[in-house]
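Let me begin by presenting the structure, written as structure tokens, before commenting on it.
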Amino acid sequence: MKNISKIVVLWAMVLLVTLGGCSQPSPIKALIVSGQNNHNWQVSHQAIQQILDNSGLFVTDIALTPAAGGDMNSFHPRFADYDVVVLDYNGDRWTEQTDQAFVDYVQNGGGLIIYHAADNAFAGWEEFNRIIALGGWEGRNEQSGPYCYLENGELVLDHRPGNGGSHGQQREYTMHGRNIEHPITQGLPTNWMHAQDEMYDSMRGPANIKHLLYSGLADTATGGSGREEPLVFTVDYGKARISHIMLGHAGATLEENPAMQCTGFQTLLLRSAEWAATGKVTQPVPHDFPTEETLSLRKDYGKSK
Ligand code: ZN
């Protein structure tokens with residue numbers, strides 16, 4: 001090939017790469033951590049992966065711990081290689097090295113999602129409790145921090161003794177928007193119907209909530225606390241971007257999984273993951289978002305959208 005032809009070919013290749021780069025932004029790298037849980041993690045981590053991957057915005061890897069009682073030395077994910085980490089884990093403590101790698105990732109401004117029972121994990125790990133702001137069960141009580149709920153629309157911290165973490169019977173319930181100016185919630189309706197799920201209540205911890213996004217009323221008629229409970233919020237933790245989503249109790253199978261099939265849950269997960277990774281949300285409000293009266297399910301986890 002003559003030199004001039006080579007230059008033309010090279011120039012064309014550079015142009016293609018540049019144009020390709022403009023039209024298709026590289027996907028966000030997400031890591032789902034799972035492998036032990038008092039929940040059906042086999043279903044939940046797959047549902048989360050499908051929701052993220054089907055959006056076209058993310059490429060997802062999965063890091064599974066050994067089963068309970070297994071050798072944690074084999075579990076050392078490279079958190080720092082990812083833009084966002086989704087915690088779907090409630091089980092044995094990791095190794096000191098893995099704990100440190102996780103804290104370093106978060107403290108270096110990492111993106112993190114605390115999903116449902118991940119806030120049950122590691123009750124005795126002080127730094128983890130600051131990263132999640134509120135947690136429940138696993139022996140949590142007033143020593144873990146105040147019970148945080150809403151009164152007249154304001155968060156209050158109740159230092160009286162009591163256990164941390166409870167929920168009534170699963171039911172459909174209304175989500176109450178507390179901040180729909182945040183990138184995660186911008187444009188979403190203030191009130192909308194969530195599909196059948198648990199509603200966590202009586203959660204305790206350092207309560208370093210940055211922005212409360214949604215709350216819900218834990219109805220006493222179905223065994224709840226009778227209080228308005230924080231359910232979706234961001235955490236004030238240095239330069240980290242952390243979204244804590246208490247929704248999404250995993251069902252028996254991917255097909256029977258209403259809480260995670262809810263379009264509202266999926267939208268909060270996707271918007272939280274993009275915000276945690278980049279600080280921005282580019283996703284429009286979906287046309288099939290639930291309303292105050294009407295549930296909306298994406299049983300295929302967003303595949304058809
Ligand atoms: Zn649950």
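The values are calculated or read from the model by the stated rules, or taken from the named source; none is laboratory data. Computed from a predicted model, the values in this text were never measured in an experiment. So basically every Cβ, Gly included, is an ideal-geometry build from the backbone, and we count neighbours across all protein chains shown. For accessibility, only protein heavy atoms count, side chains too; no ligands or nucleic acids. Shrake-Rupley method; radii C 1.70, N 1.55, O 1.52, S 1.80 Å.
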Helix-only [θ] at 222 nm, the chain, -39500 (n - 2.57) per DSSP H run of 4+, per residue, nearest 500, equals -7500 deg cm²/dmol
Given 239-247, 93-101, 207-215, the highest-first ranking by average Cβ count within 10 Å works out to 239-247, 207-215, 93-101
Taking a ≥ b ≥ c as the square roots of the eigenvalues of the Cα gyration tensor, with a/c under 1.5 meaning rounded and otherwise prolate when a/b exceeds b/c and oblate if not, segment 183-305 is oblate
Relative contact order as a percentage, the chain, C-alpha pairs under 8 Å and 6+ apart, gives 18
Rounded to the nearest 10, the angle in degrees between the Cα long axis of helix 96-107 and the longest principal axis of the Cα atoms of the chain comes to 80
Using a 1.4 Å probe on heavy atoms of the protein chains only, the accessible area for V103 in Å², nearest 10, reads 10
Two pseudo-spin positions, 7 Å from Cα along C-beta at K280 and at L157, lie apart in nanometres by 3.5
For the chain, the accessible surface attributable to carbon and sulfur atoms (probe 1.4 angstrom, ligands and nucleic acids excluded) amounts in percent to 51
Rounded to whole angstroms and listed largest first, the alpha-carbon spread of the chain along its three principal axes comes to 83, 48, 36
Taking a probe of 1.4 Å and leaving out DNA, RNA and ligands, the chain shows per residue an accessible area in Å² of 45
Relative to the chain, whose Cα atoms define the longest principal axis, helix 3-23 and its Cα axis are tilted in degrees, nearest 10, by 20
As a percent rounded to 5, the proportion of antiparallel DSSP bridges among beta bridges in the chain is 60
Simple SL model, points at 7 angstrom along Cα→Cβ for R78 and A221; separation in nm is 5.4
Magnitude of the Cβ-charge dipole (Lys and Arg +1, Asp and Glu -1) of the chain about the Cα centre, nearest 20 debye, reported as 1220
Under a Gaussian network model of the chain whose springs join Cα atoms within less than 10 Å, the largest fluctuation of M72, M199, M175 belongs to M72
